[in-house]
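A.B. asks: First the structure, then my questions, so here it is.
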Amino acid sequence: MLSHAEAKKRIELLKKQIEDYRYNYHVLNKSVMSEAAADSLKHELTQLEELYPDLLSADSPSQRVSGEVLAGFKSVRHQERMLSINDIFSADELNKWFIRLKKIEPSIDDEFFVDLKMDGLAASLIYIDGIFEQAVTRGDGFVGEDVTENVRTIQTVPLKLSSNGIDERFLKGRTEIRGEVILYKNDLVKINNQRKKEGLKSYANPRNLAAGTLRQLDPRVTASRPLKFRAYDIISSNADLLPTNQEVYRILDKFGFVINNQSRVVKGIDNLLNLINDLEKVKNDLEFNIDGVVIKINDRPTFRKLGIVGKAPRAVAAFKYSAEESTTVVLDIIISIGRTGTANPVAVFKPTTVAGTIIQHATLHNIDEIKKKDIRVGDTVIIYKAGEIIPQVKEVLLKLRPKDTKPFDMEKALKIQYPDIEFVRKVGEAAYRMKKVKGSLILKKSLIHYASKAALDINTLGEKNVNLLVDQKLIHDIADIYRLSKENLVKLDRFGDISAEKLIEAIDQSKNPVLDRFIYGLGIRHVGSKTASDLARHFQSFDKLAASGYEELEEIEGIGQIVAESIVSWFLSEDNMLLVDKLVGLGVKPYFQTIEQTPISGLSFVISGTLTEFSREAAFDAIRSRGGIVGNSVGRETNYLVVGDKPGQNKLEAAKKYQTEILTEADFKKLLD
């Protein structure tokens, strides 16, 4: 048995040898020893660390895979905002971009640093004194999620920065490495082949699988999938040591990160365009998906001097390649209502795949756009992804048009889908809007519903407070309640220190709502508390509900064509999806409440009349929390009718007809207990 001193020396040697193997194998694609030999060294290291726990360090290869399943991801505020990149799609736009830069900074040099725009998930890695400490997703740019344990499993991430040929100042204090977590195309094929053998559904594309894998609560799942990290930037207090973006890549390579070999410096717009065209020719031969190239002003002081506009630096642009196209059939055109009352037509397609993603819907913008392209139900259309993100209809293939098609009638469609709402189209406007309803009134009603007892139950956010907050322009959408502060509130007449604190506390407590209450709180047309509960029980995830289509929705008992259409159209509204993204970015995380088996699990209840000890919502909650099912009317499948004061005669007669057991409120309480 080794002494403590001998074990310490041996551990350091093992760490260096294993790290050398990792770097050569995962970064340089070279094998310096067999995998079995490397596994043997790792095993010896683990045994020594178990024998001498005080010698276990954060940069040890044994710490790449944690055995702990995480309860959730903590939110982390970025020390420096993770910005977006503005897109350009043509040589003309590229020229105009550089002309704008020259107007701001006439002395700018036309030297550009060009790299591939990887289709993955942006992440930030923090190193303290050269040792890996934390990994954070991009999130909303200001706040991301702590995915440290999952990133630790990625073999292309060094747990300790290499000091080979590096200025030692880089290895002191805080160094932030930014890059992209990706999955290679061949690895997706291997994973899907295995899933096919197991009778499981295939994953759609590498980007979605990479993103989903990085956000697994069990790091062992992440470790089982071959994610890669490719670095593209360094955030350091030693900015003077990084004069150019080219130098950043040289240091990243020295640190031990994988960088794209295709990255390079070019001089002049013409040479830049030639490089962009050359890279497009080889993009399908790359190991991973790209959707364009990133172009940066190479000189970093000039880059910083040009500043930021909106959420993107001026000195960088993403040149997007032409999107992949596909043909499909328009099955229907439905109307989605945005949060401001605007009616937006949406095409429903026969599912097809574009750029690795299954497409079933696309916005048609407004009736003028539909008339311009003459899009009809039954048409075969060419669709593409604008910026490889948003599905769009490019054109109609008129030779394939069925003879019985008719031009789309927007007003007729509105009357069919929304018979109780009046719409108007003002002269000079493209859109139809709900008549006599202001955006502020819609917002107030939406927020009152969101905060109601049956939804998120924010008990201090009543009608008067909602009206005040909206009228004072402190709230512009539902998500803005999560931006409120005590300092905002105490300036208003209705609030003192205590009442302001209570409201902020109540809002904060609503950030982790039960899934069915969150779905109900969003105010999706035709989705009441029972339907929200059915949806939550079926999908058990808000993301899965958002990605659902007609067929899956209509398979759920109690959801017919009208409700399915309403749900799909809600999720097709750009306003609604921006709201959801904002809620998530501000820390709202709905969860599915797993229900243990109880004596009433699976039994169906209908309530009629007024109960004395339960509100209607409380009674429904009591049933659902025990696995019971709440119904609206008594039928063959109803197990119990709970009656209170003044029950409905029709429900009583139906209970007798179907021999449904009738419970008093006292009987109901006993059954619950």
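A short reminder: the numbers here are calculations on the coordinates, not readings from a lab. Because the structure is predicted, anything quoted here is derived from the model rather than measured. Using ideal geometry, Cβ is built from the backbone for each residue, glycine included, and neighbour counts are taken over all protein chains shown.
A.B. asks: Quick check: pseudo-label points 7 Å beyond the Cα along Cα→Cβ at residue 332 and residue 7, how many nm apart are they?
C.D. replies: For residue 332 paired with residue 7, the spin-label model returns 6.7 nm.
A.B. asks: Taking the dipole about the Cα centre of the chain, with the C-beta of Lys and Arg at +1 and of Asp and Glu at -1, give me whichever of 124, 410, 599 is farthest to the positive side.
C.D. replies: 410
A.B. asks: If amide H atoms are built 1.01 Å from N in the plane of the peptide, which residues on other chains or at least 5 residues away come under 5 Å of the amide H of residue 132?
C.D. replies: 160, 161
A.B. asks: What is the extension gain from residue 552 to residue 653, computed as 0.36 nm multiplied by their sequence separation minus the C-alpha to C-alpha distance, in nm to one decimal?
C.D. replies: Difference between extended and current length: 32.9 nm.
A.B. asks: Please list, ordered by chain and number, the residues whose modelled amide H lies under 5 Å from the amide H of residue 604; skip anything fewer than 5 residues away on the same chain.
C.D. replies: Excluding prolines and chain starts, which carry no amide H, the hits are 629, 639, 640.
A.B. asks: Something else: Between residue 192 and residue 282, what is the FRET efficiency for a Förster distance of 30 Å, r being their Cβ-Cβ separation, to the nearest 0.05?
C.D. replies: Efficiency, from the Cβ-Cβ distance: 0.80.
A.B. asks: Return the Rg/Rh ratio of region 86-320 with Cα-based radii and a Kirkwood Rh. Mind showing how you got there, number by number?
C.D. replies: On the way: Rg = 18.6 Å, Rh = 19.0 Å.
Answer for region 86-320: 0.98.
A.B. asks: Let me ask another. Kindly put 541, 336, 446 in sequence by how many other C-beta atoms sit within 10 Å of each C-beta, fewest to most.
C.D. replies: So the ranking, lowest neighbour count to highest, is 541, 446, 336.
A.B. asks: Along the Cα-to-Cβ line of residue 525, 7 Å from the Cα, sits a label point; which residues in region 412-436 have backbone N less than 20 Å from it?
C.D. replies: In region 412-436, the label zone of residue 525 (backbone N under 20 Å from the point 7 Å along Cα→Cβ) covers 412-426, 430-436.
A.B. asks: If you work out percent of Cα pairs over 38 Å apart from the coordinates, which of (1) 55; (2) 39; (3) 49 do you get?
C.D. replies: Working out percent of Cα pairs over 38 Å apart from the coordinates points to (3).
A.B. asks: How much of the DSSP beta bridge set in the chain is antiparallel, as a percent to the nearest 5? Write out the running numbers ahead of the final one.
C.D. replies: Working: 74 of 88 bridges.
Beta bridges within the chain, antiparallel portion: roughly 85 percent.
A.B. asks: Follow-up question, since we're still on this one. Counting other C-beta atoms within 10 Å, which of 181, 265 has the fewest, and how do the rest follow? Don't skip to the end; give the middle numbers.
C.D. replies: Values: 181 27, 265 16.
Lowest to highest Cβ neighbour count: 265, 181.
A.B. asks: Calculate the dipole size of the chain relative to its Cα centre from +1 charges on Lys and Arg beta carbons and -1 charges on Asp and Glu beta carbons; express the result in debye to the nearest 20.
C.D. replies: 1180 debye
A.B. asks: Charges at C-beta only: +1 for Lys and Arg, -1 for Asp and Glu. How large is the resulting dipole of region 478-580 about its Cα centre, in Debye rounded to 20? Before the final figure, lay out each step's value.
C.D. replies: Working: 11 positive and 18 negative charges, 88 e Å.
Using only the charged Cβ atoms, the result is roughly 420 debye.
A.B. asks: Could you tell me the relative contact order of region 604-672? Use alpha-carbon pairs under 8 Å, at least six residues apart, and round to a whole percent.
C.D. replies: Across region 604-672, relative contact order equals 39 percent.
A.B. asks: OK, next. Farthest toward the dipole's positive end in the chain, which of 60, 276, 170, given Cβ charges of +1 (Lys, Arg) and -1 (Asp, Glu) about the Cα centre?
C.D. replies: It is 276.
A.B. asks: Through the Karplus equation 6.51 cos²θ - 1.76 cosθ + 1.60, θ set to phi - 60°, convert the phi angles of region 273-284 into ³J(HN,Hα) values in whole Hz; use x for Gly and Pro.
C.D. replies: 5, 4, 5, 4, 5, 5, 5, 5, 5, 9, 4, 6
A.B. asks: I've got another one for you. Karplus couplings for region 246-260 from phi (6.51 cos²θ - 1.76 cosθ + 1.60, θ = phi - 60°), rounded to Hz, Gly and Pro as x?
C.D. replies: Once θ is set to phi - 60°, the couplings for region 246-260 become 5, 5, 4, 5, 5, 5, 4, 5, 5, 4, x, 8, 7, 10, 6 Hz.
A.B. asks: Taking 0.36 nm per intervening residue step and subtracting the Cα-Cα distance, what contour gain separates residue 486 from residue 372 on full extension? Write out the running numbers ahead of the final one.
C.D. replies: Values: separation 114, 0.36 × 114 = 41.04 nm, distance 5.08 nm.
Here the segment from residue 486 to residue 372 would lengthen by 36.0 nm.
A.B. asks: In this model, which of 96/372; 412/473; 96/444; 530/646 are farther than 32 Å apart at the alpha-carbon?
C.D. replies: Result: 412/473; 96/444 exceed 32 Å.
A.B. asks: Here's another thing I want to ask about it. Mind sorting 15, 9 by how few other Cβ atoms lie within 10 Å of their own Cβ, fewest first?
C.D. replies: The order, fewest Cβ neighbours first, is 9, 15.
A.B. asks: Follow-up question, since we're still on this one. State, to one decimal in nm², a quarter of the convex hull surface area for the C-alpha atoms of region 185-310, i.e. the direction-averaged projected area.
C.D. replies: Its average projected convex-hull area is 11.0 nm².
A.B. asks: Also, I was wondering about something else. If amide H atoms are built 1.01 Å from N in the plane of the peptide, which residues on other chains or at least 5 residues away come under 5 Å of the amide H of residue 662?
C.D. replies: Residues meeting the criterion, in which the H sits 1.01 Å from N, are 641.
A.B. asks: Work out the P(r) tail for region 596-673: percent of alpha carbon pairs separated by more than 21 Å, whole number.
C.D. replies: Working: 534 of 3003 pairs.
For region 596-673, the share of Cα pairs beyond 21 Å comes to 18 percent.
A.B. asks: While we're here: How big is the antiparallel share of DSSP beta bridges in region 604-672, given as a percent to the nearest 5?
C.D. replies: Bridges in region 604-672 are about 10 percent antiparallel.
A.B. asks: Can you compute the FRET efficiency between residue 430 and residue 142 using 1/(1 + (r/R0)^6), with r the Cβ-Cβ distance and R0 = 45 Å? Round to the nearest 0.05. Walk me through the numbers before you get to the answer.
C.D. replies: Details: r = 34 Å, r/R0 = 0.75.
Efficiency at R0 = 45 Å is approximately 0.85.
A.B. asks: Hey, another quick one. Pop out the ³J(HN,Hα) list for region 164-180 in order, Karplus 6.51 cos²θ - 1.76 cosθ + 1.60 with θ = phi - 60°, rounded to Hz; leave Gly and Pro as x.
C.D. replies: 5, x, 9, 4, 4, 5, 5, 9, 10, x, 9, 10, 10, 10, 10, x, 10
A.B. asks: Here is a further query. For region 439-585, what value does the Rg/Rh ratio take when both radii are computed over Cα atoms and Rh is the Kirkwood radius, given to two decimals?
C.D. replies: 1.01
A.B. asks: With each run of n ≥ 4 DSSP H residues scored as -39500 (n - 2.57), what mean residue ellipticity at 222 nm is computed for the chain after dividing by its residue count and rounding to the nearest 500 deg cm²/dmol?
C.D. replies: It lands at -10500 deg cm²/dmol.
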